[in-house]
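The values are calculated or read from the model by the stated rules, or taken from the named source; none is laboratory data. It should be emphasised that the depicted structure is a prediction, and the values quoted were computed from it without experimental measurement. Cβ: placed from backbone, ideal geometry, glycine included. Neighbour counts: every protein chain shown.
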Amino acid sequence: FQPVVKLLINRHNNKYSYTSTSDDNLLKNIELFDKLSLRFSGRVLFIKDVIGSNEICCWSFFGHGKKCAEVCCTSIVYATDKKHTKVEFPEARIYEETLG
């Protein structure tokens with residue numbers, strides 16, 4: 001079995017407004033996915049799911065036909081007036097799971 005890295009990305013799936021850094025971090029996740037898929041093409045299968053997701057930004061890692069890890073980049077942040085969705089860019093953890 002070929003290892004698989006899947007990125008579920010759906011910016012429009014949000015119920016709340018985004019924090020100020022979220023758009024930038026969404027872009028960074030997409031750019032890292034594109035960079036990794038170019039670097040490891042042929043050895044790792046990369047799948048970007050932009051439609052069938054109830055996640056906003058989540059990485060899944062598969063090996064030997066099974067899911068071995070998941071890195072979700074979104075969380076809900078409670079501000080004084082309302083809830084916000086925060087998107088993070090856990091670059092080191094994504095590299096660790098991709099190369100592991």
Worksheet, complete the sentence: Of the conditions (1) farther than 27 Å from Phe1 by Cα; (2) out of contact with any helix residue (DSSP H, G or I) (no Cβ under 8 Å at 6 or more places or on another chain), the single one that Ile56 does not satisfy is (2)
Item to complete: Go through Ile47, Ile76, Ile51, Ile56 for me and flag whichever is under 10 Å from the mean Cα position of the chain (by Cα) and either on the phi > 0 side of the Ramachandran plot or among the hydrophobic types (A, V, I, L, M, F, W, C) (or both).
Response: Ile56
Worksheet item: If only one of Glu31, Glu55 is in contact with a strand residue (DSSP E or B) (Cβ under 7 Å, 6 or more places away or on another chain) and outside any strand (DSSP E or B), which one is it?
Response: Glu55
Item to complete: For region 6-29, name all the residues that are under 14 Å from Pro90 (Cβ atoms) and either surrounded by 14 or more Cβ atoms within 10 Å (Cβ to Cβ) or over 17 Å from the mean Cα position of the chain (by Cα) (or both).
Response: Leu7, Ser22, Asn25, Leu26, Lys28, Asn29
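Residue-by-condition table, conditions (1) of a type outside the set (S, T, N, Q); (2) under 13 Å from Val5 (Cα atoms); (3) touching a Cys at 6+ places or on another chain (Cβ under 6 Å):
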position: Leu38; (1), (2), (3): yes, yes, no
position: Arg43; (1), (2), (3): yes, yes, no
position: Ile47; (1), (2), (3): yes, yes, no
position: Ile51; (1), (2), (3): yes, no, no
position: Phe62; (1), (2), (3): yes, yes, no
position: Ala69; (1), (2), (3): yes, yes, no
position: Thr74; (1), (2), (3): no, no, yes
position: Thr80; (1), (2), (3): no, no, no
Discussion item. Filter region 10-28 down to the residues that are in contact with a strand residue (DSSP E or B) (Cβ under 7 Å, 6 or more places away or on another chain) and modelled with pLDDT of 95 or more and list them by number.
Written reply: Ser22, Asn25, Leu26
Worksheet item: Could you list, in sequence order, the residues of region 7-46 that are free of Cβ contacts under 8 Å to residues at least 60 places away in the same chain, among the β-branched types (Val, Ile, Thr) and in contact with a Ser or Thr (Cβ under 9 Å, 6 or more places away or on another chain)?
Response: Ile9, Val44
Worksheet entry | Residue that is within 21 Å of Tyr18 (Cβ to Cβ), exposed (fewer than 14 other Cβ atoms within 10 Å of the Cβ), in contact (Cβ under 8 Å) with a residue 12 or more places away in the chain and of a type outside the set (S, T, N, Q), where the choices are Val50, Val71 | Val50
Practice prompt. Determine, yes or no, whether Thr80 is surrounded by 13 or more Cβ atoms within 10 Å (Cβ to Cβ) and over 14 Å from Leu99 (Cα atoms).
Written response: no
